[in-house]
Each structure stands twice: as structure tokens, then as C-alpha cells.
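Structure first, commentary second.
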Amino acid sequence: MLMCGLTATIMFRFFPLATAVLVLQFSPAMADDLPTVLKGEGEKVEQDTAASPERNRLRVFTEVVSDAANRIARLSEPQRCRLSEVLNTGIAAAMDGIASKSRRPSPAPICFQDTMGPVQPLLAEYSRFIQSNEVLSPEQSRILSAALDDRTQYRRQAALEYIASLLDDELFLTVDQKDQLTVVLQQNVNLDASCFHPKLHHSAGLTSSTVPVSPQDYPFLTELQQQRLEGLAVESITTGGGFGGSPTLPTHVRITTQESPEEWSQKLRDSFEAQRERLFPVLELPVQYYRTHGLISDGDAHRLRVAAKGVVDEVLQSWEARQLSNMTRFRNAAGVRNEVYYLRQIMPDDLENSELWKETLLSVLPSTSEPVQRRRHAKLSAMSRFATAQLDQELWLAPEQRERIQESIFKALLKSDRDVLAPPQFSELNLIAVPLFWLPESDLAILTQAQQAAVSCVRSHAGTRLREGIP
């Protein structure tokens with residue numbers, strides 16, 4: 001288990017939508033499963049970037065910024081002309097930054113708006129324009145500054161609720177625990193980060209934030225919840241190799257082809273108890289939560305616990321037999337060579353997707369029951385707000401537009417039976433696919449002409465999986 005005091009980046013599973021946490025499962029071999037838009041990092045930036053995708057992306061974005069500023073502060077013609085000059089200076093600065101990099105920054109959604117992304121020099125020029133009072137009245141400067149602050153606070157609050165919802169999905173928190181969790185996250189998590197899943201961060205060079213997993217950070221959690229929290233870290237922590245290199249997950253068993261079958265069996269059996277300890281809270285926490293809140297009877301709780309034990313035993317035994325068969329095949333293929341393999345251990349989804357567990361759970365607490373629907377709606381609400389905040393980074397939505405878009409996203413998620421953050425490839429990048437590709441055009445009719453053009457531009461830079469909206 002993870003040592004106390006260690007802070008690690010953790011990956012979340014989502015729903016069913018839980019990864020709260022569903023925990024996003026991954027293996028080193030999955031590095032190539034990312035959306036197409038995140039590949040090709042080694043490509044050199046050409047010196048002649050006059051017609052580059054980045055320049056066009058920046059140009060479209062300046063139209064959004066100019067449109068928003070005019071809408072908010074009712075700029076005069078001279079003021080609009082001056083703002084246009086400032087934004088063009090920002091484009092030039094951004095393109096200089098791109099040209100100076102050995103790796104081409106991605107114009108993809110999220111990557112473009114990242115705190116280290118290509119758009120930052122342009123935003124810096126806009127901020128100076130507002131603060132300089134060069135052509136703006138004091139009142140216009142105040143209004144535009146307030147609008148920027150409002151967008152920042154909206155996104156930070158959305159990120160906070162999103163992360164808290166993911167954790168609640170795994171830990172089954174009480175109302176008081178959620179309030180205390182929010183305080184911990186505010187103090188320890190960079191809410192301006194683009195992502196909170198390390199796989200996307202590693203592959204795309206995005207600003208990522210870690211979530212503390214030390215029990216000392218969460219004294220308000222029960223012992224079982226803290227055990228699950230440590231399990232989350234063990235399931236997703238990396239210890240140096242990164243993705244696409246040597247497996248470094250604690251949830252992998254190292255085996256060589258020159259070891260005997262007896263040695264393989266012993267290693268697998270040695271991992272059993274550690275796996276049982278790590279996985280026990282996955283099925284026990286929902287039982288305790290629903291029983292404590294009077295949503296199931298003692299008899300129902302007993303049935304669920306019996307089913308949980310049977311599921312864990314069945315999954316572990318099946319895992320051992322499957323891995324022994326694999327290793328025999330690997331050994332035969334290796335011949336005299338000594339090859340090393342890292343065998344993936346059981347993950348939470350392996351238990352929760354068991355037909356025995358799903359049928360037993362549905363028999364005592366149908367998915368249409370009010371408690372289950374309430375928790376699902378809370379998750380979808382947090383996701384909807386965070387997805388809206390992501391879109392707001394691109395479109396600079398007015399408050400009333402945010403409200404309408406967020407409502408549309410929530411309805412789209414509510415009608416869908418797909419897991420938006422399903423493992424292994426998906427994370428925050430996929431969440432923005434919802435407003436970009438899931439919503440009918442009628443729901444986007446509230447956007448201005450500049451915002452509509454920006455939507456088309458962003459869509460054109462989305463990867464294949466993102467365009468298809470595959471969750």
C-alpha cells in the first residue's frame with residue numbers, strides 16, 4: 001500500500017459515470033491510444049508560419065476576444081481598432097513563441113488554452129490593454145477586468161466541483177465530508193490546471209495538478225475510505241518510467257520467462273492478499289453508505305457482502321489461471337531468452353462489471369431509485385459545469401450563455417448511457433467533446449457569429465476519437 005505522507009497524481013474512473021472515482025485504468029502500452037491530436041510532438045516548427053494552423057487558430061480566437069470585449073464594454077470604433085492592433089501584437093508574440101520551440105504546440109482543444117499553451121502571449125497583451133487605460137475609460141477597464149475575474153473564478157469553481165465529484169464517486173462521502181474535502185482540495189490542487197489525469201499530461205505536455213492521497217490530509221475520512229484512497233494511488237501512481245516505457249505501476253507483477261511455473265504461481269499467490277486488501281473497499285463502501293443512510297436493509301447488506309466476497313474470489317482465481325496460461329505462452333515464444341513481463345493486477349472495474357455484483361446490487365437498489373439517481377445527477381452536474389468552463393476558455397461565453405450551455409450539456413449526459421471518461425484513453429480532453437460534438441446545433445444557436453466560427457475551428461483541430469465523441 002502507499003506510504004503515509006506521499007502525494008501522488010491519481011487517475012479517476014468515471015461513472016457508471018463513476019470513476020469516483022471510477023479509476024482510469026491504464027498500462028504502459030496504452031500510450032498510443034491517445035487521440036490523434038496529441039501525437040507528433042517531435043515535429044519541428046517551420047519558420048514560415050504565415051498560413052500555419054496555429055496562426056489561424058489564434059486569429060479566430062482574437063475575434064472571440066474582440067467580440068466579447070465589445071459586447072461587455074460597448075467599445076467605440078477607435079477603441080476596437082486599438083484592441084485589434086493589440087491582439088495582432090499578441091498573435092505575433094505567440095507565433096514567435098511557437099517558432100522558438102523545438103516541438104510544435106498543439107492547436108487542439110485544451111492544449112491550445114493550457115497555461116503553457118500558445119494562446120498565453122495573446123492573453124497577456126489583452127490583459128495589459130485592459131489595465132493600461134490607454135484608450136478605455138476607467139469604467140470600461142473595470143467592467144472588462146471584472147469579466148476576466150468572473151471567468152477565472154467560474155473555471156476554478158467548476159474544476160473544484162469536478163474533482164470533488166470524482167472522489168465522492170469512489171469514497172461515498174457524507175455532506176460534511178464533502179465540505180471538508182473541498183477545503184483540502186482548495187489548499188492543495190492547482191485549479192488552473194488543464195487536467196488532473198497524468199496520462200494526458202505526460203503525452204501532451206499540459207499543466208497537470210496532483211491530488212493529495214496521504215491519510216493525514218483527510219482526517220475526516222473513515223478508515224475504510226482512507227484505505228480506498230490509498231488504493232486509488234496504488235492503482236495509478238507512476239514511479240519514474242512514465243507511459244510508453246517500462247511498466248512501473250505497483251499494480252503490476254514482475255515475472256520472467258526463465259522462472260518456473262511454480263515460481264510464477266507463488267508470485268501470483270503472494271499478490272492475492274494485497275489485492276484483496278486494496279479491492280475490499282471498492283464494493284464495501286457502497287454497502288456501508290446505503291445501509292447507513294437507511295436505503296437498504298440489514299438483509300440486503302448481507303446479500304451484497306456475500307456477493308462481493310464471491311466476486312473477489314472468482315475474479316482473482318480467473319486472473320491467476322489466465323496469467324499462468326499467458327506466461328506459458330510467453331515462455332514458449334521466448335525460447336532460451338529471458339524476457340520480463342509485467343502482469344496487470346485486478347482493477348476496480350473488474351469487480352464492478354461482474355454480472356453477479358451488478359445483478360445483486362440492482363436487486364436491492366435499482367438504478368432508477370432516488371438515491372442512485374441523486375448521486376448520478378450530482379456527478380453529471382459537476383461534469384456539465386466543468387465542460388462548460390472548458391468551452392468558455394475557447395468562446396468567452398456570457399453568463400447567460402454559460403447557463404444555457406451547461407443545462408444542454410447536463411441533458412445530453414443524462415440521456416446518454418455512455419461513460420464519458422471510460423478507461424483507458426479518456427480524461428478531461430474527452431469531456432469537451434460533449435459541447436463540441438454531442439449537442440444539437442439548435443443548442444448552440446445562442447452563440448454569436450464569432451463564437452460559432454470558433455466552434456468550427458476548434459472542431460477541426462480535434463482528434464479522431466474526440467470528433468467521434470467516443471467515451
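I'd like the residue in segment 43-70 that is acidic (Asp, Glu) and over 17 Å from ALA453 (Cα atoms) and, out of all such residues, is modelled with the lowest pLDDT. Give the steps one after another, and end with the answer.
Within segment 43-70, the subset acidic (Asp, Glu) is 43, 46, 48, 54, 63, 67.
Keeping just the survivors that are over 17 Å from ALA453 (Cα atoms) gives 43, 46, 48.
Values: GLU43: 37, GLU46: 41, ASP48: 41.
Once the filter is applied, the top-ranked residue is GLU43.
Taking GLU230 as the residue in question, decide whether it is over 17 Å from PHE330 (Cβ atoms), surrounded by 17 or more Cβ atoms within 10 Å (Cβ to Cβ), modelled with pLDDT under 85 and not β-branched (Val, Ile, Thr).
Details: over 17 Å from PHE330 (Cβ atoms): yes; surrounded by 17 or more Cβ atoms within 10 Å (Cβ to Cβ): yes; modelled with pLDDT under 85: yes; not β-branched (Val, Ile, Thr): yes.
Criteria met by GLU230.
Give segment 285-297 a look and list any residue that's loosely packed, with under 14 Cβ neighbours inside 10 Å and in a helix (DSSP H, G or I), or say none.
Hit for segment 285-297 is THR292, nothing else.
So the check is Cβ under 6 Å with 6+ separation or different chains; which pairs have a first residue in segment 120-132 that's at positive phi and a second one that's crowded, with 18+ Cβ neighbours inside 10 Å and of a type outside the set (S, T, N, Q)?
none
Do we find a residue being modelled with pLDDT of 85 or more, buried (at least 18 other Cβ atoms within 10 Å of the Cβ) and over 30 Å from SER369 (Cα atoms) anywhere in segment 298-312?
no
Can you find a residue in segment 86-107 that is farther than 30 Å from GLY463 by Cα and surrounded by 19 or more Cβ atoms within 10 Å (Cβ to Cβ)?
Going residue by residue through segment 86-107, those that are farther than 30 Å from GLY463 by Cα are 86.
Still in the list and also surrounded by 19 or more Cβ atoms within 10 Å (Cβ to Cβ): 86.
Looking through segment 86-107, at least one residue is farther than 30 Å from GLY463 by Cα and surrounded by 19 or more Cβ atoms within 10 Å (Cβ to Cβ).
For segment 187-226, how many residues meet the condition of being assigned to a helix (DSSP H, G or I), touching a Leu at 6+ places or on another chain (Cβ under 8 Å) and modelled with pLDDT of 90 or more?
Initial filter on segment 187-226 (assigned to a helix (DSSP H, G or I)): 187-188, 198-204, 215-217, 223-226.
With touching a Leu at 6+ places or on another chain (Cβ under 8 Å) added as a condition, the list becomes 199-200, 203-204, 215, 224-225.
If we keep only those that are modelled with pLDDT of 90 or more too, we end up with 224-225.
Matching residues across segment 187-226 total 2.
Write out, first by first residue and then by second, each pair whose Cβ atoms fall under 7 Å of each other, whose residues are 6+ apart or on separate chains, and whose first residue, in segment 62-91, is assigned to a loop (DSSP other than H, G, I, E, B) while the second is not β-branched (Val, Ile, Thr).
LEU75/ALA69; LEU75/LEU83
Among (1) surrounded by 16 or more Cβ atoms within 10 Å (Cβ to Cβ); (2) part of a loop (DSSP other than H, G, I, E, B), which single condition is VAL184 missing?
(2)
Could you please find all residues in segment 364-403 being within 28 Å of ASP300 (Cα to Cα), part of a helix (DSSP H, G or I) and of a type outside the set (Lys, Arg)? Write out each step before concluding.
Of segment 364-403, the ones within 28 Å of ASP300 (Cα to Cα) are 364-380.
Remaining after also requiring part of a helix (DSSP H, G or I): 364, 370-380.
Answer for segment 364-403, where residues must be within 28 Å of ASP300 (Cα to Cα), part of a helix (DSSP H, G or I) and of a type outside the set (Lys, Arg): VAL364, GLU370, PRO371, VAL372, GLN373, HIS377, ALA378, LEU380.
Please count how many residues of segment 156-176 are at pLDDT 95 or above and polar (S, T, N, Q).
Of the residues in that region, 1 qualify.
Out of the residues in segment 324-363 that are closer than 17 Å to SER265 by Cβ and free of Cβ contacts under 8 Å to residues at least 60 places away in the same chain, which is nearest to the chain's Cα centre (by Cα)?
Top of the filtered list is ASN326.
Here are some conditions: (1) in contact (Cβ under 8 Å) with a residue 60 or more places away in the chain; (2) over 30 Å from GLU77 (Cα atoms); (3) surrounded by fewer than 19 Cβ atoms within 10 Å (Cβ to Cβ). ARG151 meets all but one. Which one does it not meet?
Failed condition: (2).
Is one or more of the residues making up segment 335-349 crowded, with 17+ Cβ neighbours inside 10 Å and in a helix (DSSP H, G or I)?
Checked against the condition, which is being crowded, with 17+ Cβ neighbours inside 10 Å and in a helix (DSSP H, G or I), segment 335-349 yields at least one hit.
The values are calculated or read from the model by the stated rules, or taken from the named source; none is laboratory data. As the structure is a computational prediction, the values presented were derived from the model and not from experiment. When we count neighbours, we look across all protein chains shown, and the Cβ atoms used for this are built from the backbone with ideal geometry, even at glycine.
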